Amino acid sequence: MVLLVIDTQKGITDERLYSFERFKSNICLLISEARANGVEVVYVRHDDGPGTGFSVGDEEFEIYEEFVPTGDERIFNKTVNSALHSSTGLAAYLAERNVRQLMIVGLQTNFCIDATIKSGFDLGYEILVPEYANSTFDNDYMKSDVCYRYYNEFIWPRRYAQCITMEEAVEKLRRR
């Protein structure tokens, strides 16, 4: 198993997110449990390109300070929504290590998290999605709470992923 922390970057990890404090607390707990139990934590950052303010070298691009990787944890950069797109090298990295189970957390529910979960499903990974460990902002079509519930309670379960409680997630990290 790998704990995959997607797009939790300084420019978008803030109180605008749905259930921000719970989201932040849950990810901190999962990272801590993963590290304590020898589960690899892998980070992914989204790069919107030079001049956007959200690219390599920009402060907003860096990983949120409460989730910052240790020196030996891998970081993959991407320019597309799915962290598992062939352009990132992540799927090849996971294949080399024979990883078949991914616990996916991060941002944003309706963009990169959804794309990664569906890509992971298509690639044959077992996908675990802990409650309140992904989030998003309000948009022109949906409020953030509705968006969160739509994916976590309707779209992903029994189709693409196992949406699990935090207690179940912590137990899986301890038993891995």
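The values are calculated or read from the model by the stated rules, or taken from the named source; none is laboratory data. No experiment lies behind these values; they were computed from the predicted model shown. No Cβ is skipped: glycine too gets one built from the backbone with ideal geometry, and neighbour counts run over all protein chains shown. Remember, those area values only see protein heavy atoms, side chains included, never the ligands or the DNA or RNA. Shrake-Rupley method; radii C 1.70, N 1.55, O 1.52, S 1.80 Å.
Remarks
- Expressed as a fraction of 2.2 N^0.38 Å, the value expected for a compact globular protein of N residues, the C-alpha radius of gyration of the stretch 23-74 is 1.30.
- Local charge for residue 55 was computed over the other residues whose Cβ lies under 10 Å away, with Lys and Arg +1 and Asp and Glu -1, and equals -3.
- Taking other residues whose beta carbon is less than 13 angstrom from the beta carbon of residue 112, and scoring Lys, Arg as +1 and Asp, Glu as -1, yields -1.
- Helix-only arithmetic for the chain: the sum of -39500 (n - 2.57) across DSSP H runs with n ≥ 4, divided by the residue total, places the mean residue ellipticity at 222 nm at -8000 deg cm²/dmol.
- Rg to Rh, two decimals, where the chain supplies the alpha carbon set and Rh follows Kirkwood: 0.93
- Straight Cα distances below 20 angstrom link residue 118 to the aspartates and glutamates 7, 126, 131, 153, with same-chain residues fewer than 8 positions distant left out.
- Cα centroid of the stretch 128-158 to Cα centroid of the stretch 14-49, whole Å: 16
- Average accessible surface for the chain: 47 Å² per residue, computed with a 1.4 Å probe over protein heavy atoms with every protein chain in place.
- The magnitude of the dipole of the stretch 5-147, with charges of +1 and -1 set on the Cβ of Lys/Arg and Asp/Glu and taken from the Cα centre, is near 420 debye.
- Carbon/sulfur fraction of accessible area - the stretch 17-155, other protein chains in place, 1.4 Å, %: 48
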